[in-house]
Amino acid sequence: MTPKRRVRLGQKARRAALDESQTRAAAKAAKRGRARDRTSYNERLVEGVDHRALDEAMARVLAAQDEAAAAPRRRSRGGARAFPAAAPGRWVPIGPSVVRRGQAMDRPRVSGRVRDLQVDGTGTRAYAATAMGGVWYTNDGGATWSPVGGWAERSRVKGGSANAQACGSLLVVFNSSAGHDFVLVGTGEPSPSTTATGEGSLGGVGVLVANRDVNAGAATDPWEPDTGITGLEGLGIFRLVRSPASTVGSNAGPTQDVVVACTTNGAWVGRRSALAAGGGLPARDGFTWTKMATLQTRYPGISVTDAVWLSGGRLLMALANVGLVYTDDLGATPPVDVVASQAPATALLGNMSLAAAVGNRVYLLAEDAGAPKLWQIPDATLAAPAVNACGGTGLPATLWPNQRDYDQAVAVDVISGTTDRVYVGGSAIQPRAGTDYGASLWCFDVVAGNLAASPTISGTAAPPAGAGADKAGLIGNNVHGDVHAIRLTGPAAPRRQVWIGCDGGVFVSDRSGRVQTFAAVNTGMAALQPVFVRSHPVHGHMVAAGLQDNGTQVR
């Protein structure tokens, strides 16, 4: 058999064949690359996810729904209806409860805005008041959170943009367990406002009070019916403070439980007493609220942004755009002006915050002619207390650019007889070029009235001698921006616990706030604030949501 002659390809044909071969190879490589990208993307999605914990959590949710469906319908003490038996089947939570890779240097898991925190002395149990998601409770140091009160609704009197789930402040007396804690919630954010997209701060419905188990279950409403709504509806409550002479829960006599609410419209005094039956309610104990008339007469409609009630009975209050006043008789006589005659400031602006050290020493955080500043009041019980501006390095000008009345917090820890450690929170800052923004959260030691970065907490010197801070005093690298609350608890320095409430939820350091030691503790806290929700036009399981200060998330 004569073999067939192989005809060689011409040069042009060989080039075409080579191009075709290379095109096929490139297509295969691109396909493999896309597969690798998909695999990598899917791995990132589940990075750090505890599937066993998710399975257990889903089992608990389903069990709770079955239990709620089988339970008889019941009404809360306040007349606010708990979820009816059929309701759990109507709405299915699809999240997000937390956002992965949130804003801060190490991309933490974040939740929604936390306006206030109260933490017990061990740092194990805590309550968090959120901007629009109600109150949350943890009994494991923030590892997990559960909702308080089942999001029970409250009736309005005037109506409008007010909501029981909008929280501004907390006042908690911790006892042996959550079943015995005495919890007060000042509803309404400072300062209430609305926008076309609904992302503003909502007003409240008064002061919610719980003197029984606040963690009995999502379908249980623990709040007493008496909230002071007729006077407090629509206001924001900055702070709740209790008289040092009070016995918690006492309804009469010299130990009567007396609380002051600092609001966007003056100071309101709540007195606990025995209330007669009426209006469909049984005889009960509750708070009645009246406005401090002498303060109202002198400063009509003033915002009282913070207060400290000293052990001797003096109530020191911070008034927006005014300064400090005090009263020794709970407003029976007109409060006395402190700052205008004593402070060296030329013009105190906007909201202000107070923090008490030991004895009668108090710190004031405010803005003086456009610059943030800290003052020390060595003895706030004097007839004319001295208000001394802290010297030294001073507070950073970047503490709260354009957000003074939104982001502001201060706390004090006494390190020794001559040194106070002051923590100050504001908006956001970039620690160094190329990094993500973190919280404008700072720590300074106050020695002889002068501020300086704490060497082992916020100093710039390299470890172990220093803390290695990027900027002297800055400790907020790993914390989401916009700080609203700072709480100190637990052991003494250097193992002090520092809890932060901010627009990204809750962050905790167990190293006295040393730079790079904060971690997010937001698991289960469903407090994110969707500004919009959109579903895919074709695929019904794909949903996008825009969240206040936490980006756009896709499910």
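The values are calculated or read from the model by the stated rules, or taken from the named source; none is laboratory data. All of these numbers come straight from a predicted model, not from anything done at the bench. FYI the Cβ positions are ideal-geometry reconstructions off the backbone, even for glycines, and counts take in every protein chain you see. Surface areas here come from the heavy atoms of the whole protein model, side chains and all, with no ligands, DNA or RNA. Shrake-Rupley method; radii C 1.70, N 1.55, O 1.52, S 1.80 Å.
Observations
- Here the peptides 382-388, 189-195, 403-409, 20-26 are ranked by packing, the mean other Cβ count within 10 Å, and the order with the highest first is 403-409, 189-195, 382-388, 20-26.
- With the charge dipole of the stretch 92-187 set up from +1 on Lys and Arg Cβ and -1 on Asp and Glu Cβ about the Cα centre, the Cα lying farthest toward the positive end among the listed residues Ser176, Gly160, Trp145 is that of Gly160.
- Alpha-carbon centroids, the stretch 269-297 and the stretch 448-481: separation in whole Å: 47 Å
- Dipole of the stretch 403-539 computed with +1 at Lys/Arg Cβ and -1 at Asp/Glu Cβ about the Cα centre; of Gly466, Ala433, Val538, farthest Cα towards the positive end is Gly466.
- Simple label model, 7 Å out from Cα along Cβ direction - Ala389 to Arg100, nm: 5.0 nm
- Nearest-20 debye value, the stretch 365-514 charge dipole, Cβ charges on Lys, Arg, Asp, Glu: 400 debye
- Estimated from the Cβ-Cβ distance and a Förster radius of 25 angstrom, the FRET efficiency linking His536 and Asp37 is about 0.70.
- Around Gly426: net Lys/Arg minus Asp/Glu count, Cβ-Cβ under 10 Å: -1
- Ile500 sits among other residues whose Cβ lies under 11 Å from its own Cβ, and their net charge, with Lys and Arg +1 and Asp and Glu -1, is -1.
- Ala433 paired with Val554, simple spin-label distance in nm, labels 7 Å along Cα-to-beta-carbon: 3.3 nm
- Compared with the direct C-alpha span, the chain from Ala29 to Asp379 gains 118.5 nm at full extension, assuming 0.36 nm per residue.
- Within straight-line reach of Lys28, meaning a Cα separation under 18 Å, sit the following aspartates and glutamates at least 8 residues removed in sequence or on another chain: Asp19, Glu20, Asp37.
- Computed with a 1.4 Å probe over protein heavy atoms only, the accessible surface of the stretch 387-471 comes to 39 Å² per residue.
- Residue-count net charge about Pro244 - beta-carbon cut-off 15 Å; Lys, Arg +1, Asp, Glu -1: -1
- Ala519/Ala544 FRET efficiency (R0 30 Å; Cβ-Cβ; nearest 0.05): 0.60
- Where labels lie 7 Å past Cα in the beta-carbon direction, separation of Arg107 and Ala16 in nm: 4.8 nm
- Highest average first, the peptides 273-283, 508-518 ordered by how many other beta carbon atoms sit within 10 Å of their residues are 508-518, 273-283.
- Residue list for the stretch 477-509, given a label point 7 angstrom along the Cα-to-Cβ vector of Val358 and an amide N cut-off under 14 Å: 492-493
- Treating r as the C-beta distance of Ala448 and Thr288 and R0 as 35 Å, the FRET efficiency rounds to 0.15.
- Among 228-237, 124-133, the order from most to least packed when residues are scored by Cβ within 10 Å on average: 124-133, 228-237
- For the stretch 118-197, the fraction of 1.4 Å probe accessible surface lying on carbon and sulfur atoms is 52 percent.
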